[in-house]
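Quick note: the coordinates plus some simple rules give every number you see, no bench work behind them. The structure displayed is predicted, hence computed values, not measured ones. Cβ atoms come from the backbone with ideal geometry, glycine included; neighbour counts cover every protein chain shown.
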Amino acid sequence: ETGVTQTPRHLVMGMTNKKSLKCEQHLGHNAMYWYKQSAKKPLELMFVYSLEERVENNSVPSRFSPECPNSSHLFLHLHTLQPEDSALYLCASSQGQINTGELFFGEGSRLTVL
Amino acid sequence: GQNIDQPTEMTATEGAIVQINCTYQTSGFNGLFWYQQHAGEAPTFLSYNVLDGLEEKGRFSSFLSRSKGYSYLLLKELQMKDSASYLCAVGGSTLGRLYFGRGTQLTVWP
């Protein structure tokens, strides 16, 4: 138990569906992240929120839309996805200086796009 | 561009010592991290180096040479539970940016 909870753990969706991934951190951290983990590829940073403001958007397609309503919750809204978007989506949180604080990861949401 | 290089796979036997190397070329440097990820689980933090030298933490040690763009993770007295993927990551100059390698899948045999 890392203190970061992600739901759902598994999601299968069609290309025309709209779904959302949810992340909640119970650690009192002030920064939250979305990462994408594909087979045989490095973890890719998608979005960073610090104090509920988006500070990083790593050229992610607009079919991925993040939302951070407060410092404990982070969402990733998905719509009109492509099969190549199938991956493990990891949420993480950290405290303090983002590049010096360790990341606490959730167990991920495994997404399959048909 | 950013480049983090580490071996794809390594194998070792229980009780042995293994060294996982990582080389990096990034724009900016704000420390080097090692994470462990068991299959189907979240990556967990192992170590952080920002200055040159060796950091020891129990059976695990991590070394950094900034001039060489090189780090290694040393695992001693290997146990079966150490079978996992080990991720090398570098903190870049941009706020929130961590560059990850592809991970090294370590298999420990009895």
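Is region B:25-82 best put as rounded, prolate or oblate by its Cα gyration tensor, with a ≥ b ≥ c the root eigenvalues, rounded for a/c under 1.5, and otherwise prolate when a/b is larger than b/c, oblate when not? Display every interim value, and only then the final one.
Numbers: a/c = 2.62, a/b = 1.52, b/c = 1.72.
Since a/c reaches 1.5 but b/c is at least a/b, the shape of region B:25-82 is classed as oblate.
Give me the one-decimal nm value for the distance between modelled label points at A:His77 and B:Gln25, 7 Å along each residue's Cα-to-Cβ direction.
Here the modelled spin labels are 4.1 nm apart.
List, in order, the whole-Hz ³J(HN,Hα) value for each residue of region B:66-80 obtained from phi through the Karplus relation with A = 6.51, B = -1.76, C = 1.60 and θ = phi - 60°; use x for Gly and Pro.
Ordered by residue, 3J(HN,Hα) equals 5, 5, 9, x, 9, 9, 9, 10, 10, 10, 9, 6, 3, 10, 4 Hz.
Which listed residue (A:Ser109, A:Asn17, A:Leu27) has the Cα farthest towards the positive end of the charge dipole for chain A, taking +1 on Lys and Arg C-beta and -1 on Asp and Glu C-beta about the Cα centre?
Among A:Ser109, A:Asn17, A:Leu27, the one farthest towards the positive end of the dipole of chain A is A:Asn17.
If each of B:Gln2 and A:Glu102 carries a label point 7 Å out from its Cα toward its Cβ, how far apart are those two points in nm?
2.1
Rounded to two decimals, what is the ratio between the C-alpha radius of gyration of the protein assembly as shown and 2.2 N^0.38 Å? Intermediate results must be reported in sequence, preceding the final value.
Working: Rg = 17.4 Å, N = 224, 2.2 N^0.38 = 17.2 Å.
Ratio of Rg to 2.2 N^0.38 Å for the protein assembly as shown: 1.01.
State the dimensionless ratio Rg/Rh of region B:50-110 (Rg: radius of gyration of Cα atoms; Rh: Kirkwood radius).
Working: Rg = 13.4 Å, Rh = 13.2 Å.
Taking Rg over the Kirkwood Rh, I get 1.02.
Semi-axes of chain A's equivalent ellipsoid from the Cα gyration tensor, sqrt of 5 times each eigenvalue, largest first, rounded to whole Å?
Numbers: eigenvalues 102, 37, 36 Å².
Gyration-tensor ellipsoid for chain A: 23, 14, 13 Å.
Ratio of alpha-carbon Rg to the 2.2 N^0.38 Å globular estimate for region A:54-94, to two decimals, please. Show your work: numbers first, answer last.
Numbers: Rg = 11.3 Å, N = 41, 2.2 N^0.38 = 9.0 Å.
The value comes to 1.25.
Loop-only check: which GluC sites (Glu not before Pro) in region B:49-93 are DSSP coil with at most 16 other Cβ within 10 angstrom?
Hits after loop and neighbour filter: B:Glu77.
Assuming R0 = 35 Å, can you tell me the calculated FRET efficiency for the pair A:Leu27 and B:Ser83, based on Cβ-Cβ distance, to the nearest 0.05?
After rounding, the FRET efficiency stands at 0.80.
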